[in-house]
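Input: a single structure, listed below in structure tokens.
The values are calculated or read from the model by the stated rules, or taken from the named source; none is laboratory data. What you see is a predicted model, and the numbers here were worked out from it, not measured in a lab. All Cβ positions, glycine included, derive from the backbone under ideal geometry; neighbour counts span all protein chains shown.
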Amino acid sequence: MVETAGAAEVSAKVTVRPMQLTDVPAVYKIEKASFATPWTIDIFEREITENTFANYFVIESDGVIAGYCGMWLVIDEAQITNIAILPSFRGQKLGEKLFAHVMEQAIMAGAYRLSLEVRVTNVPAQHLYRKFGLVPGGIRKNYYTDNQEDAIVMWVNL
Ligand SMILES: CC(C)(COP(=O)(O)OP(=O)(O)OC[C@H]1O[C@@H](n2cnc3c(N)ncnc32)[C@H](O)[C@@H]1OP(=O)(O)O)[C@@H](O)C(=O)NCCC(=O)NCCS
């Protein structure tokens, strides 16, 4: 069981769809609320308009963008760039639903492996990834520039 961080109630109408350029301001709000060194608006815009490897998705609850997830698909390998749920929507299975959708997209695209990096202290995210079969595969020392925290590389065969 996960604690609910805030007041937002998840409606029965939850959908996942590809991220559009017009979603970027809402996604940037989620990004700022979720990470110590958030990506800029410009980075998101370039990911969507210029990066042919990039696949980004948003999850909506009753039309409100509550989270997003990005994945790079390079030939047959998938790498998760970011996943975040708005704090007030956390603990209500939206992250799980979004991650399941993105993983399904990777499988449909023919990827044979999915991997990502996660902070050693980010226990909620590690638990989420383990639910999908990801296991630790190595450590990247001092990976995060804000506090030199190590990253755990987690991966799963699809
Ligand atoms: C990680 C994150 C995306 C999870 O999203 P969420 O919608 O809150 O998660 P869900 O409600 O879908 O929970 C799914 C599973 O994740 C794990 N989990 C989620 N929150 C957790 C918590 N506070 N403590 C421990 N495990 C947690 C559990 O395994 C949970 O399954 P369970 O409820 O059966 O135990 C969210 O906490 C978040 O946005 N964090 C900030 C951004 C971030 O750290 N992203 C990952 C970068 S690598």
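Applying the criterion of at least 1 residues that are at pLDDT 95 or above, within 13 Å of the ligand (Cβ to nearest atom) and hydroxyl-bearing (Ser, Thr, Tyr) to the strands (runs of 3 or more DSSP E) found wholly in region 55-158 leaves 64-74, 77-85, 113-119. Every condition in (1) under 14 Å from the mean Cα position of the chain (by Cα); (2) without any contact (Cβ under 8 Å) to a residue 12 or more places away in the chain is met by Thr22 except one, and the failing one is (1).
For beta carbons closer than 6 Å, sequence separation of 6+ or different chains, a first residue in region 131-155 that is over 19 Å from Met71 (Cα atoms) and a second that is loosely packed, with under 14 Cβ neighbours inside 10 Å and among the small types (Gly, Ala, Ser), the qualifying pairs are Asp146/Ala36.
Within region 85-101, residues that are touching a residue at least 24 places away in the same chain (Cβ under 8 Å) have Cβ atoms under 9 Å from residues that are part of a helix (DSSP H, G or I) and among the polar types (S, T, N, Q) in these pairs: Ile85/Ser34; Leu86/Ser34; Pro87/Ser34, counting only partners at least 6 apart in sequence or on another chain. Name the residues in region 72-94 that are crowded, with 20+ Cβ neighbours inside 10 Å and either farther than 19 Å from His127 by Cα or charged (D, E, K, R) (or both), would you? Once the filter is applied, which keeps residues that are crowded, with 20+ Cβ neighbours inside 10 Å and either farther than 19 Å from His127 by Cα or charged (D, E, K, R) (or both), region 72-94 yields Ala78, Arg90.
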